[in-house]
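Step one of this worksheet: look at the structure below.
The values are calculated or read from the model by the stated rules, or taken from the named source; none is laboratory data. If you're wondering where the values come from, they're calculated on a predicted model, not measured in any experiment. For neighbour counting, all protein chains shown are included, and Cβ atoms are generated from backbone atoms with ideal geometry for every residue, glycine included. Heads up: the accessible areas ignore ligands, DNA and RNA and are worked out on the full protein's heavy atoms, side chains in. Shrake-Rupley method; radii C 1.70, N 1.55, O 1.52, S 1.80 Å.
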Amino acid sequence: MDYVDPVRQETEPGLTPQPMDERRRANFGYFLEHDVLAVLQDTLDPAALAGSTTRILAAVGATTPATVFDHGCVIALAELLGTGTETFPGGHNGNTTHPRAYAARLRALLATA
């Protein structure tokens, strides 16, 4: 299985990447120690998701390799919901690597609600 390399990601033109400083390292450490485990241990109720009045979009980054865990989760969610997937600019962190294009795509999808 591949992984997402947060240091070597393509970005949209004119973007000044934010450095991986101590604050971001600490946040990432917390995410790995707490949030990832919660996600991995949680279970989904397919009937509750299918019956939800909240619009759920299974979204994946255009450059996210199909062999990355995240991509597989999106495909599984779309199958569970009986929907297709939506593609966003960039990869796993498209909102930070392609903020303008990501925002435009999100606005376009929300306008179709």
Segment 51-63 - phi-based ³J(HN,Hα) in whole Hz, Karplus 6.51/-1.76/1.60, Gly and Pro as x: x, 5, 8, 7, 6, 10, 10, 7, 10, 9, x, 4, 9
Per residue accessible area of the chain, 1.4 Å probe, in Å²: 72
Cα gyration tensor shape of the chain, rounded if a/c is under 1.5, else prolate or oblate by comparing a/b with b/c: oblate
Prolate/oblate/rounded call for segment 4-60, Cα gyration tensor, a/c under 1.5 rounded: oblate
Portion, in percent, of the accessible area of the chain that falls on carbon or sulfur, probe 1.4 Å: 59
Two-site FRET efficiency, ASN95 against GLU33, from Cβ-Cβ distance with R₀ of 35 Å, rounded to 0.05: 0.95
In nm, spacing of pseudo-spin labels at ALA104 and ALA26 (7 Å Cα→C-beta vector): 3.7
Placed amide H near GLY90: partners under 5 Å, 5+ positions off or other chain: ALA62, THR63
In nm, spacing of pseudo-spin labels at GLN41 and GLU86 (7 Å Cα→C-beta vector): 3.1
